[in-house]
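Here's the structure we're looking at; comments come further down.
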Amino acid sequence: MAKRRSKTPEELADDNARTTPLGLFNTAEAYRSSAAALEQAKLRGGHADSPIRFLYFHAIELYLKALLRQEHNVDAIKSSFGHSIRQLVPEAERLGLCVADEDREIFSLMMDTDAVIEARYVRTGAKTWPTLEGLNRTCASIREQVGKLLREANIAVRM
């Protein structure tokens with residue numbers, strides 16, 4: 001496997017200029033809205049829930065990254081936090097996010113099980129999933145708080 005080359009300072013600056021807290025927040029909104037639309041379409045049960053879960057999982061991750069992007073550059077978010085809810089949540093809390101107990105339960109399932117990866121890739125067998133209702137609630141809660149924190153930082157988030 002070929003080793004990736006390091007990005008030039010110009011490429012890193014371009015990544016930072018093009019990946020903003022607002023852009024991450026708006027992309028999270030698109031994933032959340034899509035999950036909600038699929039839920040409303042009543043395409044539920046069994047495998048039909050997997051895309052909905054994935055959309056909620058990804059929206060939650062992007063909302064957290066929108067908050068982190070105020071303080072961290074894109075490369076740091078990628079290398080230090082990646083897709084790890086276990087690492088993203090404590091940093092978001094340090095930056096002002098208040099996590100409710102109900103949301104902590106969803107984060108725990110996202111951290112301590114294979115739920116996130118199994119929403120994306122097929123693997124048979126018994127699973128522990130967060131409910132769609134729980135994911136929707138946590139997504140909405142994180143959205144509201146991150147949106148408020150971004151607005152307080154003079155980022156023009158529309159809710």
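The values are calculated or read from the model by the stated rules, or taken from the named source; none is laboratory data. Here the structure is a predicted model, which is why all the values come from computation and not from measurement. Cβ sites come from the backbone with ideal geometry, for glycine too, and all protein chains shown count toward neighbours.
Within segment 85-116, the set of residues being touching a helix residue (DSSP H, G or I) at 6+ places or on another chain (Cβ under 6 Å), surrounded by fewer than 22 Cβ atoms within 10 Å (Cβ to Cβ), among the small types (Gly, Ala, Ser) and in a helix (DSSP H, G or I) comprises 115 only.
Kindly establish whether residue 29 is loosely packed, with under 15 Cβ neighbours inside 10 Å and acidic (Asp, Glu). The answer is no for residue 29. Within the set 17, 48, 37, the sole residue that is of a type outside the set (Lys, Arg), part of a helix (DSSP H, G or I) and modelled with pLDDT of 90 or more turns out to be 37. Considered as a group, the residues in segment 40-84 that are surrounded by fewer than 19 Cβ atoms within 10 Å (Cβ to Cβ) and in contact with a Pro (Cβ under 9 Å, 6 or more places away or on another chain) include one that is nearest to residue 137 (Cα to Cα), and that residue is 43.
Taking segment 1-22 as the range and being out of contact with any helix residue (DSSP H, G or I) (no Cβ under 8 Å at 6 or more places or on another chain), within 29 Å of residue 138 (Cα to Cα) and surrounded by 13 or more Cβ atoms within 10 Å (Cβ to Cβ) as the test, only 20 passes. Here residue 129 meets each of (1) part of a loop (DSSP other than H, G, I, E, B); (2) farther than 17 Å from residue 67 by Cβ; (3) modelled with pLDDT of 95 or more with one exception, condition (3). Here residue 60 clears all of (1) at pLDDT below 95; (2) assigned to a helix (DSSP H, G or I) except the condition numbered (1). Using the structure shown, decide if residue 10 is at pLDDT 95 or above, more than 21 Å from residue 82 (Cβ to Cβ), part of a helix (DSSP H, G or I) and among the charged types (D, E, K, R). Taking the combined requirement at face value, the residue does not satisfy it.
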